[in-house]
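A short write-up of the structure that comes next.
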């Protein structure tokens, strides 16, 4: 099977290697990047849509709409978003951006613990593909599943995407608290568990399955991220604790807080992260969280 990949960066090239490991042929469409090394590719992305039924979108969230306009997928294409986050300008799910900016209707999303550098060096990992269309899940599994990369299908396209957006935010929170004086494994465990709990309530309120967050797209990915102090999101948290507010998922965190308020859900940890980005001292934010009224662990 020929599998289209939109985006010739490191993530696109990693996906191409997984496609090849599954016995399929990758075909990359790139725009401004340098031509992917030795991989079949074109700088005319619309040719990828014409040649491949399945398209994996490996661009950033901010470039998803542009990727659709350049690739011009139609109703005959199945499009799976493999990037993280929400559309920065609107906070929309990336599958919504795909359908709003193209003729594609059968869409899905891929998430999970799959570090690019590990894939490029032959590491073993896994992911979950969420789609309301069984054929999209089946094609994605056929395209990527191998002894190197396990792919699990899910019908929870909302939960998979929101988990993929929330994990980098929570990883940044963990980076912040891990940098504070006196922080230990107890605080680390508190932030990890409570972050997942508040996120699951939000996913449920948005129409997703809260158990999705406790699988590969959520817990699995977050455990992988927080195990690496050199991970970009963890490093963004340590930088933020030191006063550098220029890095990290500030826009996504702000969008998540706004959306949670719209469905009457509280996200205390993510709200605290936004307040730190807005100038609050991290120690004050932590003290405020610790002093808040006790609530049942599950609500």
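The numbers here are math on the coordinates, done by the rules we state, and not lab data. Bear in mind the structure is a predicted one, so any value in this text is a computation, not a measurement.
Just check segment 1-89 against the gyration tensor rule for me: Cα atoms, a ≥ b ≥ c as the square roots of the eigenvalues, rounded for a/c under 1.5, and otherwise prolate or oblate depending on whether a/b exceeds b/c. The shape class here is rounded. Per residue of the chain, what 222 nm ellipticity follows from adding -39500 (n - 2.57) for every DSSP H run with n ≥ 4, rounded to the nearest 500? Value at 222 nm, helices only, nearest 500: -14000 deg cm²/dmol.
With both residues required to sit in the chain, DSSP beta bridges show an antiparallel share near 10%. When the square roots of the Cα gyration tensor eigenvalues are ordered a ≥ b ≥ c, the ratio a/c for segment 99-179 is 1.5 or more and a/b does not exceed b/c, which makes its shape oblate. Taking a ≥ b ≥ c as the square roots of the eigenvalues of the Cα gyration tensor of segment 2-155, is the shape rounded (a/c under 1.5), prolate (a/b larger than b/c) or oblate? Judged from the Cα gyration tensor, segment 2-155 comes out rounded (a/c under 1.5).
Taking the Kirkwood radius as Rh and the Cα radius of gyration as Rg, segment 1-48 has a ratio of Rg/Rh equal to 0.92.
Relative to the longest principal axis of the Cα atoms of the chain, the long axis of helix 250-262 makes an angle of roughly 80 degrees. Given [x] 34, 19, 18; [y] 44, 22, 15; [z] 26, 24, 19 as candidate values of semi-axes √(5λ) of the Cα gyration tensor in Å, which corresponds to the one derived from the coordinates? Recomputing semi-axes √(5λ) of the Cα gyration tensor in Å here picks out [x].
Cα centroids of segment 142-208 and segment 1-76: 26 Å apart.
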